[in-house]
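First the structure, in the form of structure tokens, and then the observations on it.
The values are calculated or read from the model by the stated rules, or taken from the named source; none is laboratory data. Bear in mind the structure is a predicted one, so any value in this text is a computation, not a measurement. Virtual Cβ from ideal backbone geometry, glycine too; neighbours counted across all protein chains shown. Accessible surface is based on the protein model in full, side chains and every heavy atom, while ligands, DNA and RNA are left aside. Shrake-Rupley method; radii C 1.70, N 1.55, O 1.52, S 1.80 Å.
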Amino acid sequence: QAQLVESGGGLGQPGGSLRLSCAASGITFSIYTMGWYRQAPGKQRELVARISSTGSINYIDSVKGRFTISRDTVKRTVDLQMNSLKPEDTAAYYCNAVLGTRNFWGQGTQVTVSS
């Protein structure tokens, strides 16, 4: 059974950094596209960053140059390094694994950026 478990959320300062990590089990991790999504109150869930099985990476424009996604096939983890945090980065962040019609989500971790 597929399971994605996020960690690393919490309170961050504007201009500061946080690192999110997602541990995957129950899937053939190496062949899945892994992604981080976020959902702020009253807004739709949006893709933040994703990394394919071959290492191709996409970011939404608002995080380019500030966030970095990476994956470790041995550890079966996908991380999101978030630098230069802004209050508008405040949201629940969700880990996602997708392969064709197979689509799995983590339970989410809250990130709050505030002074």
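Is it the case, given these coordinates, that residue 65 is part of a loop (DSSP other than H, G, I, E, B), farther than 19 Å from residue 32 by Cα and open to solvent by 30 Å² or more (accessible area, probe 1.4 Å)?
Values: part of a loop (DSSP other than H, G, I, E, B): yes; farther than 19 Å from residue 32 by Cα: yes; open to solvent by 30 Å² or more (accessible area, probe 1.4 Å): yes.
Yes, satisfied.
Residues that are among the small types (Gly, Ala, Ser) and not in a strand (DSSP E or B) were ranked within the stretch 87-115; the one that is surrounded by the fewest Cβ atoms within 10 Å (Cβ to Cβ) is 100. If only residues of the stretch 1-38 that are within 11 Å of the chain's Cα centre (by Cα) and polar (S, T, N, Q) are counted, the one that is most open to solvent (accessible area, probe 1.4 Å) is 7.
Scanning the stretch 2-24 turns up no residue that is basic (Lys, Arg) and closer than 13 Å to residue 98 by Cβ. Residue 42 satisfies every condition listed in (1) open to solvent by 20 Å² or more (accessible area, probe 1.4 Å); (2) in contact (Cβ under 8 Å) with a residue 12 or more places away in the chain; (3) not hydrophobic (A, V, I, L, M, F, W, C) except (2).
Yes/no matrix, rows are residues, columns are (1) of a type outside the set (Gly, Ala, Ser); (2) closer than 11 Å to residue 93 by Cα; (3) without any contact (Cβ under 8 Å) to a residue 40 or more places away in the chain:
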{"position": "4", "(1), (2), (3)": "yes, no, no"}
{"position": "11", "(1), (2), (3)": "yes, no, no"}
{"position": "16", "(1), (2), (3)": "no, no, no"}
{"position": "22", "(1), (2), (3)": "yes, yes, no"}
{"position": "31", "(1), (2), (3)": "yes, no, no"}
{"position": "36", "(1), (2), (3)": "yes, yes, no"}
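Filter the stretch 69-78 down to the residues that are β-branched (Val, Ile, Thr) and open to solvent by 70 Å² or more (accessible area, probe 1.4 Å) and list them by number. Give the derivation first.
The first filter runs over the stretch 69-78 and keeps only residues β-branched (Val, Ile, Thr), leaving 69, 73-74, 77-78.
Within the stretch 69-78, 73, 74 meet the criteria.
Taking the criterion of being at pLDDT below 95, out of contact with any helix residue (DSSP H, G or I) (no Cβ under 9 Å at 6 or more places or on another chain) and either surrounded by 20 or more Cβ atoms within 10 Å (Cβ to Cβ) or not aliphatic (A, V, I, L, M) (or both), would at least one residue in the stretch 79-86 satisfy it?
No, that holds for no residue.
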